[in-house]
1. Each residue of the stretch B:175-191 in order: what ³J(HN,Hα) in whole Hz does its phi give by Karplus 6.51 cos²θ - 1.76 cosθ + 1.60, θ = phi - 60°, with x for Gly and Pro?
2. What residues qualify as long-range amide H neighbours of A:L36, i.e. H under 5 Å apart, gap of 5 or more or another chain, H built at 1.01 Å from N?
3. How large is ³J(HN,Hα) for each residue in the stretch A:33-46, as worked out from phi by the Karplus curve 6.51 cos²θ - 1.76 cosθ + 1.60 (θ = phi - 60°), to whole Hz, x for Gly and Pro?
4. What aspartates and glutamates could a cross-link reach from B:K79, if we take a straight Cα to Cα line under 17 Å and drop same-chain neighbours fewer than 8 places away?
5. Collect residues whose amide H, placed 1.01 Å from N in the peptide plane, falls under 5 Å from the amide H of B:G78; neighbours closer than 5 in sequence don't count.
6. So how much slack lies between B:M169 and B:D144, counting 0.36 nm per residue of separation and subtracting their Cα-Cα distance, in nm?
7. I want the local charge near A:E34. Using Cβ-Cβ distances under 15 Å, sum +1 for each Lys or Arg and -1 for each Asp or Glu among the other residues.
Amino acid sequence: MENSIKFVFSNYRYVVLCAITTLALFFPLSIISEYLYLEPYFIFSIYDETAFNFSLIVILSVVAGIVVSMNVFRVRLVKDAKKIGSSITGTVIGASAGACSCGPIGFSVITTFGTAGSIASSFLTNYEIPLRLLSIGILLLVLFTTMKSLSLECKINQ
Amino acid sequence: MIVVALAISFTSYLGQFEQTTTLSSPSSDEMVTVQSPVLGSESASVTIVEVGDYQCEMCKHWFDNTRQQVIDNYIDSGKVNMIFIDMPFLGTDSHVASMASYCAADQEKYWEYHVMLYEHQEGVDSGWASNERLKSFAFTLDLDMNEFSQCLDSKKYYYQVKLNLDKSMNSFGIQSTPTFLLINTSGEQQQIRGAQSYSVFERVIESLL
């Protein structure tokens, strides 16, 4: 099954796609979670108590990058896009968990939706770590099933 | 149906304080903003205006990691001073916590109470800033409990804190907490948004001195 990863990433285009997806998630997630600031200077601001959360963002971004590129490979190979939905779900949960309630996104949600927004924002902030872990779990599950189906489908196609 | 639900929710948010209080219309004295006492020298070259919420997680990160270094290196030496303006938007307890801080200010313990609030911060509206806890903080700081309780229970600073929130959002356009405005005596100013590290504050302050 692990051969399916080597098989996909032996093509440099999927390595590039993986890197782009990872970075495209990592920077926005770091900004909305307020670990990366662009003003007045480009700087990461990570404290001891936020280091674990930040490492989850790194893991989430890398796993999402691998999952997306493997699914793109799979879609092109067997024209089946079923697993894309799960990987999007996992990524969205991970991304929304990080939208700090004190930040501009939390502020907009609270001022627009009032009490409901405040409750939702508080929930996402208070349960940030479990939600991120859930998100990574979903992505790992999608990765596992993608690897499994790729190894089967590749054998069938051979 | 979703629109109706959102409209009801928004209305209830706006009215949540009014539902729990029986305040009369604000007097002219109550229609002015309040601010903290100045922390540091009145004649400092740079003033840091922190706009924050006592329930904001990022404000606590800044409080725990950066604030003391700014105090040690700039405020204690008289180069910089600091004030705090409330923008209590995160939950119902945010507003009450801000009011309590001004009740402590009446007894000249604003900054001690401010520190107490951030040191004991927990989840938004989780009960850590309930009326009873706020009074227990005051008791710990050896405040006159009769005076403090009367101030808090009568919601003495309700309108002023509400005005702070409105001004921060609408007049100053602040959309997140903590936000810091750093202003020097020449009128030059810079803004730092978020719980940024000490190195950022050091660079900005040095550029303004």
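1. 10, 7, 10, x, 10, 10, 10, 10, 10, 9, 5, 7, x, 6, 9, 9, 10
2. So A:L36 has HN proximity to A:I31, A:S45.
3. Each residue's phi maps through the Karplus curve to give 7, 6, 9, 10, 10, 9, 10, x, 9, 6, 8, 8, 10, 10 Hz.
4. Here the aspartates and glutamates satisfying the reach criterion relative to B:K79 are B:E42, B:E50, B:E188, B:E202, B:E206.
5. Result for B:G78 returns B:S41.
6. 5.6 nm
7. Once positives and negatives cancel, what remains is -3.
Just so you know, all these numbers are worked out from the coordinates, no wet-lab data involved. Since we're looking at a predicted model, the values are computed, not measured. Here Cβ is always computed from backbone atoms with ideal geometry, including for glycine, and neighbour counts include all displayed protein chains.
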